[in-house]
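A.B. asks: Have a look at this one.
The values are calculated or read from the model by the stated rules, or taken from the named source; none is laboratory data. Just so it is clear, the model here is predicted, and its values are computed rather than measured. A quick note on method: Cβ atoms are made from the backbone with ideal geometry, for glycine too, and the neighbour counts reach across all protein chains shown.
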Amino acid sequence: MTRLLLVINETVYRVRPLHEGKGPAVRAFRLNKMDGTLYDVEQTPFGPTCDCPDFIFRRDGLDPAGCKHVKALVAEGLIGAADVKKVSMRGRVGLTAN
């Protein structure tokens with residue numbers, strides 16, 4: 001049996017694919033910290049998501065790069081990054097994730 005381990009800021013996570021995401025997930029992975037904490041990261045048509053508190057309260061809809069869990073899975077090629085482009089909104093510049 002092959003195990004995938006991911007190290008983020010000196011914290012080791014065991015990574016396993018999820019066959020069913022919570023929503024319109026294209027790909028989904030569960031990250032399991034050695035203390036038992038679990039985070040689900042999904043690649044959706046709208047960009048990557050994570051159920052960690054940092055993503056939910058600080059990143060969702062605000063930071064297309066996502067939390068450290070999303071960034072790590074993107075860096076390893078397991079999920080794709082948000083397709084970010086600048087759009088003009090009546091004189092203001094904003095970011096959208098497609």
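A.B. asks: Any residue at all in the stretch 6-23 that's farther than 13 Å from Ala72 by Cα, surrounded by 15 or more Cβ atoms within 10 Å (Cβ to Cβ) and not hydroxyl-bearing (Ser, Thr, Tyr)? Walk me through how you get there before you give the answer.
C.D. replies: We begin by selecting, within the stretch 6-23, every residue farther than 13 Å from Ala72 by Cα; these are 16-23.
When the remaining residues are screened for being surrounded by 15 or more Cβ atoms within 10 Å (Cβ to Cβ), the result is 21.
Going one step further and asking which of them are not hydroxyl-bearing (Ser, Thr, Tyr), we end up with 21.
Yes, some residue in the stretch 6-23 is farther than 13 Å from Ala72 by Cα, surrounded by 15 or more Cβ atoms within 10 Å (Cβ to Cβ) and not hydroxyl-bearing (Ser, Thr, Tyr).
A.B. asks: Additional query: Report the residue count in the stretch 36-82 for those that are at pLDDT below 95, in a loop (DSSP other than H, G, I, E, B), among the acidic types (Asp, Glu) and closer than 18 Å to Pro17 by Cβ.
C.D. replies: Matching residues across the stretch 36-82 total 1.
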